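For reference, the structure is listed below as structure tokens.
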Amino acid sequence: MPKSPPPSPANDQALREHQPGGGQPKIEVSRGNGGELHQNLASGDKSADAAFLTDNFGHRISDNQNSLRAGERGPTLLEDFVLREKIFHFDHERIPERIVHARGSGAHGVFECTKAIPGLTKASIFQKEGATCPVFVRFSTVAGGAGSVDTPRDVRGFAVKLYTDSGNWDLVGNNIPVFFIQDAMKFPDLVHSVKMEADRGYPQAASAHDTFWDFIGLMPEAMHMIMWAMSDRTIPRSLRMIEGFGVHTFRLVNEKGEGKFVKFHWKPVLGVQSTTWDEAVKIAGADPDFHRRDLFEAIDAGDFPAWDLGVQVFDEAFAEKQPYDVLDATKLIPEEDIPVEIVGRMTLNRNVDNFFAETEQVAFLPSNIIPGIDFSNDPLLQGRLFSYLDTQKSRLGTTNFHQIPINAPKCPFHNFQRDGMTQTLVPTGRANYEPNSLAEAGENGGPRASAETGFSTFTANDERNDPAQKLRIRAELFADHFSQARLFYLSQTENEQAHIASALVFELSKVALDHVRARVVGQLRNIDGDLATRVAAGLAIDLPAKEKAARAPVDLKTSDALSIQKNADDTMEGRKVAILFAEGSDKAAIDKLKGDIESADGTAFLVAPKVGGIKVKGGTLKADGQLAGSPSVLFDAVASILTEEQAKALSGQGAAVQWFMDAYGHCKTIAHDEATQLLLDKAGVEKDGGVVAIDEFESVGTRRHWVREARVRDLA
Ligand code: HDE
């Protein structure tokens, strides 16, 4: 008889930790009443069985440390079903990442209708003020892989799934109201060009390379989007501070069957705020999960981010009068022309329990709409209606992806679709076809279509459209590629314009093909001569010839709503302020400042050279972060309360000097005591409206001091 070896002390310890009641949360898989599988976290499950580790078929496991061996030093046996099942499942844990928008962060919340609009739409969620429904939101970057950093220069996805009582409505938008291309036909080309280059596999999550700008230079329709992409919109401070847009023109349809066009907007309650490029690059190193962490921590702390849902509603008569086509996703409708009317509020109030099960497996479908909302003929939207359904099969592996809890509607759903891979429902009875007359024999005949309450497509066609013709063609006004690009650029503050020009210089400086650079600058000449000149000067190239425009641009009235800086909110709400202290710092002064920040709904974060208990004047203080691991790029403003001795010691530390240098360079408020002056001098910080004494901090707050920027960096 082979005798089993006594467990080694290490094994023994590990075994004890994993015994029932060892405090580890375990997953129990059980069959629910409806025959469907339920997974319950054992921690919330009172049953005694929940504490026992089992395999996926319910067999209790006696040893989770050692595989089954032929003898103490022999080979592992194929018979070991416990090991094989565990490794088999692990081997298949990853699923294909999204082809675009692979990197994302999600959260649950609630949507509330704040203004009923039954005259405009019969959508159930807009019938009564106060009506609510659960939502799930996934924010994302576009170009990088699932493990890429959070702060590249990139568009942010803003995808909302509203679980309404008439089915799921997915508003799958971005944080920019326009798009690169007009027709779905060009999407694979666009994405191939921006992703890592095909031969070399880099750069990851970056548009600053040859293939992207080659494509862009040849696609003048992208120029409006390029203005947005090169603006500070693509380097947001927080996902809680981005706008969301449905981008396409949709339809609202009321009970009488009357339809109006609509554009959807999400307006962040915390205001729109961005970082600077230098800051975004440094954040990528300091905290690659900066946005994911920020969202998670805010929700965890009960600071629930919220957005107002706004609609721009207009009719055919308005559409016909515009110098652009409302079906063209490279165009926006200025808020000055059609104001945004707020009709609801979305609040994100719950983090996911499991990132994979929820954020990774959530499947958004622009084709998910509800009665009262309909599509338009935007050729980009029309292409998306196919793509998303199709991609989910490849990503989630089954046509039954709608049964995954995060994707399932929260209202009942019944139909005759059956079987398929990973079917988890157990439909009963014989009725799996329709029509049937099984009910006449007393059997359950299943559900039937409902002409009254079912989704019916808005029937009227555009008068300007002849559906009898099959054409591969774009409507005439789609050819105006520059008027709105110019409108956007000219609506920015001078400082924002300089950011756009500098971003273009940076991106094109990474382009190695001279003719590609020249072509892009030649396209910029169609937007604004001064912009093109600045970019050419920044690259030290001759101003290239103007590229030919398919249609001459027209001058449009500028729109203040398009600028972040013109609408900047001075609030401290949701912002994070770092307070630097060290041994001997005055605890009372730190407590007072912390209290002031918190009473203005900001967060105070204590930074010190060491994190454990530090002796300060008036007690001991623990830091939230170590100085070297908490660079100032992670905060909206910084403050410093030190002793002269500590300030002197820190002035020899790169991390401390850089802390102030960056805060200053990123135009942030620096509140400091007298002792800190030594450090500020070393960091080259000059006195200005944003470099203030500690007791002046509250009046200055976390706003950025853009006037300083010309002193700290050369902008194009
Ligand atoms: Fe997407 N897009 N897209 N897109 N998109 C995807 O669907 C696609 C477009 C957007 O958090 C994919 O589930 C085509 C515009 C977001 O899960 C894919 C076209 C806008 C997300 C796809 C577009 C978006 C996606 C990849 C041109 C703003 C992330 C994985 C016709 C209005 C959703 C997936 C999430 C994801 C296709 C253009 C937003 C491949 C073909 C315009 C926010 O189906």
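Annotations
- Taking the 1.4 Å solvent-accessible surface of segment 86-174 as the whole, the part contributed by carbon and sulfur is 58%.
- Computed with a 1.4 Å probe over protein heavy atoms only, the accessible surface of segment 184-252 comes to 29 Å² per residue.
- Across segment 574-712, the mean sequence separation of Cα contacts (distance under 8 Å, 6 or more residues apart), normalised by length, yields a relative contact order of 23 percent.
- Relative contact order (percent, whole number), segment 315-438, Cα cutoff 8 Å, 6+ residue spacing: 20
- Net dipole in debye of segment 491-564 [+1 Lys, Arg Cβ; -1 Asp, Glu Cβ; about Cα centre; nearest 20]: 340
- Gap separating the Cα centres of segment 513-579 and segment 47-86, nearest whole Å: 62
- Residues in segment 564-576 carry Karplus couplings, in order, of 6, 5, 5, 10, 4, 9, 7, 5, 9, 4, x, 9, 10 Hz; the curve used is 6.51 cos²θ - 1.76 cosθ + 1.60 with θ = phi - 60°, and Gly or Pro positions show x.
- Of all lysines in the structure, those lying under 18 Å Cα to Cα from K256, and not within fewer than 8 positions of it along the same chain, are K122, K128.
- Of the trypsin sites (Lys or Arg not before Pro) found in segment 134-240, the ones in coil according to DSSP and having at most 12 other Cβ atoms within 10 Å of their Cβ are R200.
- Taking label points 7 Å from Cα along the Cα-to-Cβ direction, Q417 and D560 give a separation of 4.9 nm.
- One chain, two ends: E452 and E197. Fully extended at 0.36 nm per residue, the span grows by 86.6 nm beyond their Cα-Cα distance.
- Surface exposure of segment 491-564, expressed per residue as accessible area with a 1.4 Å probe, stands at 45 Å².
- Efficiency of FRET between D91 and D601 - r from beta-carbon atoms, R0 56 angstrom, step 0.05: 0.75
- For segment 226-276 versus segment 159-206, the inter-centroid distance based on Cα atoms is 15 Å.
- Here the 3J(HN,Hα) profile of segment 475-481, calculated from phi with Karplus coefficients 6.51, -1.76 and 1.60 at θ = phi - 60°, is 5, 3, 6, 4, 6, 7, 9 Hz, Gly and Pro shown as x.
- Cα gyration tensor category, rounded, prolate or oblate, for segment 518-596 with a/c compared to 1.5: oblate
- Taking GluC sites (Glu not before Pro) across segment 79-155, the ones in a DSSP loop with at most 14 further Cβ atoms lying within 10 angstrom of their Cβ are E79, E93, E129.
- Modelled spin labels at A655 and D462, positioned 7 Å past Cα toward Cβ, are 5.9 nm from each other.
- Each Lys or Arg adds one and each Asp or Glu subtracts one; over the other residues with Cβ under 14 Å from the Cβ of L190, this totals -2.
- Among the trypsin sites (Lys or Arg not before Pro) found in segment 623-693, those both in a DSSP coil and sparsely packed, with 10 or fewer other Cβ atoms within 10 Å of their Cβ, are K687.
- Length gained on full extension, E320 to D542, computed as 0.36 nm times the residue gap minus the Cα-Cα distance: 75.8 nm.
- Counting protein heavy atoms only, segment 437-528 has 49 percent of its accessible area on carbon and sulfur, 1.4 angstrom probe.
- Projected label distance in nm at D289 and F355, using a 7 Å step from Cα toward the beta-carbon: 0.5
- Spatially, segment 636-667 and segment 314-367 are offset by 43 Å when compared through their Cα centroids.
- 1.4 Å probe accessible area per residue over segment 574-712, in Å²: 42
- Here segment 574-712 exposes an accessible surface that is 50 percent carbon and sulfur, computed with a 1.4 Å probe and the other protein chains kept in place.
- Entry note, the chain: relative contact order of 11 percent, from Cα contacts under 8 Å with a spacing of 6+ residues.
- Projected over every direction and averaged, the convex hull enclosing the alpha-carbon atoms of the chain yields 40.7 nm².
- For the residue pairs K576/K615; K617/K687; K186/K557; K263/K331; K115/K331, the alpha carbons lie more than 21 Å apart in K576/K615; K617/K687; K186/K557; K115/K331.
- Listed peptides 50-59, 654-663 by packing density, highest first (mean Cβ within 10 Å): 654-663, 50-59
The values are calculated or read from the model by the stated rules, or taken from the named source; none is laboratory data. Everything numeric in this text was worked out from a predicted model, so none of it was measured. Note that we place each Cβ from the backbone using ideal geometry, even for glycine, and neighbour counts take in every protein chain shown. Keep in mind that these areas ignore ligands, DNA and RNA; they rest on the heavy atoms of the full protein, side chains included. Shrake-Rupley method; radii C 1.70, N 1.55, O 1.52, S 1.80 Å.
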